[in-house]
Amino acid sequence: IFNPLYRGKALIVVSNNDGMIVTLSPEAAALGLKKFTPYFQVAEFCRANGVVICSSNYALYSTISTQFMRVASRECYSYFPYSIDEIFAEFGNDTPQNLSKLGRKLRHDVWREVRLPIGVGLGDTLTLAKAANHAAKRLGYRGVCVIKAHNREAILGAMLTTDVWGVGKRIGQRLSSVGIHTALQL
């Protein structure tokens with residue numbers, strides 16, 4: 001937000017006292033860096049590869065989160081924060097086209113007012129909304145995805161079980177061992 005020169009660069013944010021990686025840009029992930037890795041283990045690699053290192057600033061994150069929540073919740077009937085950078089909101093049961101238009105507006109408004117790039121996922125349940133958010137960011141939906149009956153099977157069929165909210169690596173391996181590989185199969 002505050003330094004546009006960092007956009008598109010490999011960047012990591014390290015925890016208090018620079019202990020471990022708490023978040024990273026897609027470019028840093030492409031270099032093989034992973035969240036929750038102790039920073040000292042990758043410090044030399046980061047220097048050698050020009051990775052931008054930022055220390056965490058939780059007071060600033062709280063301020064930005066408040067701004068994000070204010071803008072993102074304007075158009076909804078009700079909402080509740082899920083985390084510092086995520087909300088669940090109720091918009092009513094509209095057509096996929098109208099919901100997609102609303103999602104694009106929300107994304108645009110948050111970018112214009114907070115300078116925060118977001119993904120917007122809309123679905124009939126919290127789990128489908130999370131799946132839609134994953135699709136919005138990683139399955140070619142350009143930041144906004146609405147899951148409804150007409151596209152539910154295609155989107156869930158393209159998602160691995162480990163992409164499902166609450167399914168981690170170990171559970172994913174157990175599911176895979178019994179032939180369940182996609183969110184649709186699950």
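Given 0.36 nm per residue, what is the gain on full extension from Glu86 to Asn3 after removing their alpha carbon distance, in nm?
27.6 nm
List the longest stretch of the chain that has no exposed loop site; here a site is one of the chymotrypsin sites (Phe, Trp or Tyr not before Pro) assigned by DSSP to anything other than H, G, I, E or B, with at most 12 other Cβ within 10 Å.
78-186
Working with all protein chains in place, sort Asp85, Asp94 by solvent-accessible area computed with a 1.4 Å probe, largest first.
Order by accessible area, largest first: Asp85, Asp94.
Kirkwood Rh, the chain, all Cα pairs: how many Å?
Result for the chain stands at 18.2 Å.
Give me the 1.4 Å probe accessible area per residue for the chain, excluding ligands and nucleic acids, in Å². Show your work: numbers first, answer last.
Details: 11420 Å² over 186 residues.
It amounts to 61 Å² per residue over the chain.
So which residue, out of Gly92, Gly123, Gly143, gets the largest mean-square fluctuation from a GNM of the chain using Cα contacts under 10 Å as springs?
Taking springs between Cα atoms under 10 Å, the residue moving most is Gly92.
On the Cα set of region 118-184, report Rg and Dmax in Å, please.
11.7, 35
Mind giving me the nanometre distance, one decimal, between the label points for Cys76 and Ser55, set 7 Å out from Cα along Cα→Cβ?
The two pseudo-label positions are separated by 3.4 nm.
So, in nm, how far is label Thr182 from label Leu160 when the simple model puts each one 7 Å beyond its Cα toward the Cβ?
It works out to 1.5 nm between the two label points.
If you take the square roots of the eigenvalues of the alpha-carbon gyration tensor of region 1-104 and sort them as a ≥ b ≥ c, do you get rounded (a/c under 1.5), prolate (a/b over b/c) or oblate?
Prolate, because a/c is 1.5 or more and a/b exceeds b/c.
Please report, largest first and rounded to whole Å, the three semi-axes of the ellipsoid equivalent to region 55-131, where each semi-axis is the square root of five times an eigenvalue of the C-alpha gyration tensor. Mind showing how you got there, number by number?
Numbers: eigenvalues 103, 37, 22 Å².
The answer is 23, 14, 10 Å, longest axis first.
Just read off the accessible area of Thr182 with the full protein assembly in place, 1.4 Å probe, to the nearest 10 Å².
Accessible area of Thr182: about 30 Å².
What is the mean projected area of the alpha carbon convex hull for region 67-175, to one decimal in square nanometres?
Values: hull surface 27.8 nm².
The orientation-averaged projected area of the Cα hull of region 67-175 comes to 6.9 nm².
Quantify, in whole percent, the carbon and sulfur part of the accessible surface of the chain (1.4 Å probe; protein heavy atoms only). It would help to have the intermediate numbers written out before the result.
Values: 6200 of 11420 Å².
That fraction is 54 percent.
Remind me, relative contact order of the chain in percent, using alpha carbon pairs under 8 angstrom and six or more residues apart?
12
For Arg174 paired with Arg47, estimate the spin-label separation in nm (one decimal), with each label point 7 Å from Cα along the Cα-to-Cβ line.
So the two model labels end up 4.4 nm from each other.
When the expected Rg is taken as 2.2 N^0.38 Å, what fraction or multiple of it is the alpha-carbon Rg of region 30-87?
Output field value: 1.61.
The values are calculated or read from the model by the stated rules, or taken from the named source; none is laboratory data. Note that the coordinates shown come from a computational prediction; the quantities given were computed from them, not determined experimentally. When we count neighbours, we look across all protein chains shown, and the Cβ atoms used for this are built from the backbone with ideal geometry, even at glycine. The area values use the complete protein model at the heavy-atom level, side chains included, leaving out ligands, DNA and RNA. Shrake-Rupley method; radii C 1.70, N 1.55, O 1.52, S 1.80 Å.
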